[in-house]
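Data first, discussion second: the structure below is written as structure tokens.
The values are calculated or read from the model by the stated rules, or taken from the named source; none is laboratory data. Given the structure is predicted, the values throughout are model-derived calculations rather than measurements. Quick reminder, even Gly has a Cβ in these numbers, built from the backbone with ideal geometry, and neighbours come from all protein chains shown. Calculation scope for accessible area: heavy atoms of the full protein, side chains included, ligands and nucleic acids excluded. Shrake-Rupley method; radii C 1.70, N 1.55, O 1.52, S 1.80 Å.
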Amino acid sequence: MFQPAFAEETAGEDDSWLYAHILQPVLNAAVYPLSAPVRYVLNNGVVEKSVELMSFGEDKKIFVYPTMNLKPGTQTQLGMTYRHRSILFNRDYLVLQGSYYANGDLYLSDRYTKQEPFGLPLFVGFRYKLYWDSDANFIIPGTKEAFIQPDSTMSFQWRIGAPLTKSKKLNLELSTSQMFIDADLPDNSKDSILNDAVFSIADRGLYQSSKQYSVALSLVYDDLDFPYAPSKGDRVILSGEYNFAPEYGGIRYDSFDSQRSGKVPKSDKSHDYIYNSLIWQHYFYFGKAKQYILSAREARQSRKFYTDFSWDEALRVWRPENIRETLLERRVVALQFRMENMWEMDKGGAPFNAFPTMNARYPMRGYGDEWSAYHIMGLSAEYRWPIDRFVDGVLFDEYAMHAEKVKEFSFDRFYNSWGFGIRVRMPELYLFRAQVGFHGLHGVNLILTIAPEFK
């Protein structure tokens, strides 16, 4: 008669032992190592204090902050970024960036834009880029086979655009650019492709100087509520450009082949090509709150949730009511479809740098390696929720495939990556993101960058 009650009591004790000695320690081990640095950052207001330290001027129109990449090897770099709104005129924007790498490489970028110059309903922009990259490489299209090609490139770009509607949601942009490339052979000839019939030095402009000029036209639709913390709306970019590539500077056989002398015969192919792309982004907002961005009071409450618990209380993070308040009260699902195509005017004649690439910037954040192809398309999905006023938590999953011809897209060349991380931003200014990407069981790719996820 007493056996059922005894059995129930025993089961309760077993559950308690299972919780105390197995479930709780496992959850603590999963949560506490992540919560400790978050707790320090949020309790000490590291993000807000950093934003205050980085911003200058009466209206906080100037931002100066360091950038870095601490990956092992020559990717290690230190740099600075300077952003200034209304530096010369009302509604203009200047961005200066510079980075110095461990192996002596250098990257410089200057960008200036002006809205409504001389009171006209236009916007104009200029960009200058310079990089010295002794570890630059190119990839044979359709493969991951990469070859080193030290490169020093300088480029200029001019842009002008005008709104097509009174709401300024639909804009037309015209741009032109000039690129001056000075590529060279690697120190070790084994790293070069030499004179390959499949990917010809003469036809592709490998290991030599060259110039390229482009004219591009873009149609942009944008009705996002905020540029860098969007929670609803669409952004669609349809662009096409024609690239003029004159004759390459040429290269001598004896620079890579001791058995031969004289110049490699110049290519008789046209090197011109067309590049077009389609980018479509859509943002879904879910939640009872009126807006995605946290107020100061709401940020304090969120901060308390992520920091105010000890080792023994880590399990409370997983309680349904807390998950509902933090992860589900405000949430955004961000989708991006992106397709890029390169069309040669003469088969086999486009320059080595004409091909779109698929890498962590595509984005395929689980990959540090790259693919190169004539045609690439990809789909990315992100789940975002606000952790603090300037910080979003991010979960992402993305897919991509490439093909030599548009009709040849196949799941034989289908790739996936996924991961998580944070993005630090203000509604009108993007600061940086720290994310971890995975692809299958092949390892981890860490991304620390000031570039947004989506182009």
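Only residues that are open to solvent by 40 Å² or more (accessible area, probe 1.4 Å) and of a type in the set (A, V, I, L, M, F, W, C): list them for region 272-296, please.
Ile274, Leu278, Trp280, Phe284, Phe286, Ala296
Hey, among the residues in region 319-377 that are modelled with pLDDT of 85 or more and β-branched (Val, Ile, Thr), which one's surrounded by the fewest Cβ atoms within 10 Å (Cβ to Cβ)?
Val333
Could you name every one of the strands (runs of 3 or more DSSP E) located completely within region 128-192 that has at least 2 residues being touching a residue at least 40 places away in the same chain (Cβ under 8 Å) and over 30 Å from Met401 (Cα atoms)?
Fully inside region 128-192 and qualifying: 151-163.
Kindly evaluate Lys269 against the criterion of being open to solvent by 40 Å² or more (accessible area, probe 1.4 Å), at pLDDT below 90 and part of a loop (DSSP other than H, G, I, E, B).
Here the answer is no, as Lys269 does not meet what is asked.
Does any residue in region 430-453 that is charged (D, E, K, R) come within less than 6 Å, Cβ to Cβ, of a residue that is modelled with pLDDT of 80 or more six or more places away or on a different chain, and which pairs are these?
Between residues of region 430-453 that are charged (D, E, K, R) and residues that are modelled with pLDDT of 80 or more, the close pairs are Arg433/Arg423; Glu453/Pro363.
Run down Gln291, Gln281, Gln301 and say which single residue is at pLDDT below 80 and of a type in the set (S, T, N, Q).
Gln301
Which one of these is modelled with pLDDT of 90 or more and either open to solvent by 70 Å² or more (accessible area, probe 1.4 Å) or touching a Leu at 6+ places or on another chain (Cβ under 6 Å) (or both): Leu217, Leu224?
The match here is Leu217.
Read through the list (1) open to solvent by 50 Å² or more (accessible area, probe 1.4 Å); (2) under 21 Å from the mean Cα position of the chain (by Cα), then give the number of the only condition that Gly119 fails.
Unmet for Gly119, out of (1) open to solvent by 50 Å² or more (accessible area, probe 1.4 Å); (2) under 21 Å from the mean Cα position of the chain (by Cα): (2).
Could you count how many residues in region 193-203 are surrounded by fewer than 17 Cβ atoms within 10 Å (Cβ to Cβ) and free of Cβ contacts under 8 Å to residues at least 60 places away in the same chain?
Residues meeting the conditions: 3.
Counting only residues that are open to solvent by 60 Å² or more (accessible area, probe 1.4 Å) and without any contact (Cβ under 8 Å) to a residue 40 or more places away in the chain, which one in region 378-412 is farthest from Glu344 (Cα to Cα)?
Looking at the filtered set, the residue picked out is Leu395.
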